[in-house]
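Q: Dumping the structure here so I can ask a few things about it.
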Amino acid sequence: MSTTHPETVPFVDLVGQYHRYKAELDRAIAGVLENAAFIGGPALGRFEEAFSRYCGAKHTIGCGNGTDALFLILRALGIGAGDEVIVPANTFIATAEAVSLTGAKVVFADVDERYSLIDPAAVEAAITPRTRALIPVHLYGQLADLRRLTAIGERHNLVVIEDSAQAHGAEEDGRRAGSVGRASGFSFYPGKNLGAYGDGGAVVTSDSQLADKVRRIANHGRADKFGHELVGVNSRLDGLQAAILEVKLRHLDTWNTERRRHAALYTELLASVPGVKTPEVKSALAHVFHLYVIRVQDREGLKRHLAERNIQSGIHYPEPLHLLGAYAHLGYGRGAFPVAERACSEILSLPMSPELTAEQQHRVVEAIREFQTQRGGAR
Ligand SMILES: *Cc1c(COP(=O)(O)O)cnc(C)c1O
């Protein structure tokens, strides 16, 4: 079979996306070069304003990457040594790293069975007198239960910080990712729904005081050119990335619509394949399908089977954070978060990008069907 399908189905098609918008992107890049507006500059200001409007918040502060965005929010809130911050057990490590970088202690909470999103009941159980904040992650592009988490935050006087790195544009009850928590961290890593051509990130908030503080910390603690009033860091979104993102932002809604359509087709086609659990969607706009993640019994076997047919896939993420070496010192151990642990052993992310074609999707699903029926993967 594999010889009849030599062409790779890429996990994400960034080259295809560049060619689709080449003229616009090239013009924007050349504009920055012609003005040498590499740090700061007009494109950055325009992008920050446009992204605030897009998210439905007052301020956007561009920064170096999504990890820094979360770190800057925590620092600006004065969170550090002696404090605790609750994060989900299954997410990209950056969510926890941002907490660790401040000197605060990471406290993990399990996720729910249906959506693999942080479980509000588990959050509540993890609260101690030292808890200062919680960071729900909109994992795979689907909004966490912000209504319940906000209520918990209010009840216990905790700050809710959204990790929106995978959820640009996800929306529920007319509010988008980035506009619900006190502040939100976004990543513009190239493969994200809104991706730069290098690293990039942003803090989004409607709290003007917090925004000022973040802006200062991100720019060497500056109030003005030589007025360094606190010890900051250098974490800025550069002019080239801002210009690229300004162009791409105009197409984000189109891309998210395309992603949702691809997800719906996968789900429809996979309905007749035995032993595959497809992702559940809370409401039509709440999911922007940064990733399309299925669950199967023999994940490793299926991944190999797809690779043999030149179909790329991913695992997000193979180990929950409490079982990684980096967080072994917290002493949780296997069994601490059973829902996250089980999910991590069964998940597989299928090719997903706006540029994915129906033909590619049919090929992916037929390869999965072949494995699940003939190799007994459905057990
Ligand atoms: C990508 C990502 C980040 C970090 O973003 P970087 O820009 O790579 O630092 C944080 N959290 C989640 C959930 C992510 O997927």
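The values are calculated or read from the model by the stated rules, or taken from the named source; none is laboratory data. Being a predicted model, the structure only gives us computed values, none of them experimental. Don't worry about glycine lacking a Cβ; one is built from the backbone with ideal geometry, like all the others, and counts go over all protein chains shown. Just so you know, the surface numbers come from the protein's heavy atoms only, side chains and all, with ligands and any DNA or RNA stripped out. Shrake-Rupley method; radii C 1.70, N 1.55, O 1.52, S 1.80 Å.
Q: Provide a single number: the residues in segment 232-268 that are open to solvent by less than 30 Å² (accessible area, probe 1.4 Å) and not acidic (D, E).
A: Of the residues in segment 232-268, 19 are open to solvent by less than 30 Å² (accessible area, probe 1.4 Å) and not acidic (D, E).
Q: While we're on this one: Could you count how many residues in segment 138-162 are open to solvent by 10 Å² or more (accessible area, probe 1.4 Å) and either part of a loop (DSSP other than H, G, I, E, B) or within 16 Å of the ligand (Cβ to nearest atom) (or both)?
A: Matching residues across segment 138-162 total 6.
Q: Identify all residues within segment 180-238 that are more than 16 Å from the ligand (Cβ to nearest atom) and small (G, A, S); write none if there are none.
A: Within segment 180-238, S206, S208, A211, G221, A223, G227, G232 qualify.
Q: Right, next: Just checking, does segment 109-132 include any residue being in contact (Cβ under 8 Å) with a residue 60 or more places away in the chain, more than 17 Å from R53 (Cα to Cα), surrounded by fewer than 22 Cβ atoms within 10 Å (Cβ to Cβ) and within 16 Å of the ligand (Cβ to nearest atom)?
A: Among the residues of segment 109-132, at least one is in contact (Cβ under 8 Å) with a residue 60 or more places away in the chain, more than 17 Å from R53 (Cα to Cα), surrounded by fewer than 22 Cβ atoms within 10 Å (Cβ to Cβ) and within 16 Å of the ligand (Cβ to nearest atom), which makes the answer yes.
Q: Another question about this same structure. Can you pull out every residue in segment 282-308 that is surrounded by fewer than 17 Cβ atoms within 10 Å (Cβ to Cβ) and assigned to a loop (DSSP other than H, G, I, E, B)?
A: Across segment 282-308, the qualifying residues are K282, S283, A284, Q297.
One line per residue, one yes/no per condition, for (1) at pLDDT 95 or above; (2) in contact with a His (Cβ under 9 Å, 6 or more places away or on another chain); (3) among the aliphatic types (A, V, I, L, M):
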site: G239; (1), (2), (3): yes, no, no
site: L252; (1), (2), (3): yes, yes, yes
site: A263; (1), (2), (3): yes, yes, yes
site: T267; (1), (2), (3): yes, no, no
site: A271; (1), (2), (3): yes, no, yes
site: V276; (1), (2), (3): yes, no, yes
site: H290; (1), (2), (3): yes, yes, no
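Q: Give G31, G78, G40, G82 a once-over and let me know the one that is more than 18 Å from the chain's Cα centre (by Cα), without any contact (Cβ under 8 Å) to a residue 12 or more places away in the chain and surrounded by fewer than 24 Cβ atoms within 10 Å (Cβ to Cβ).
A: It is G78.
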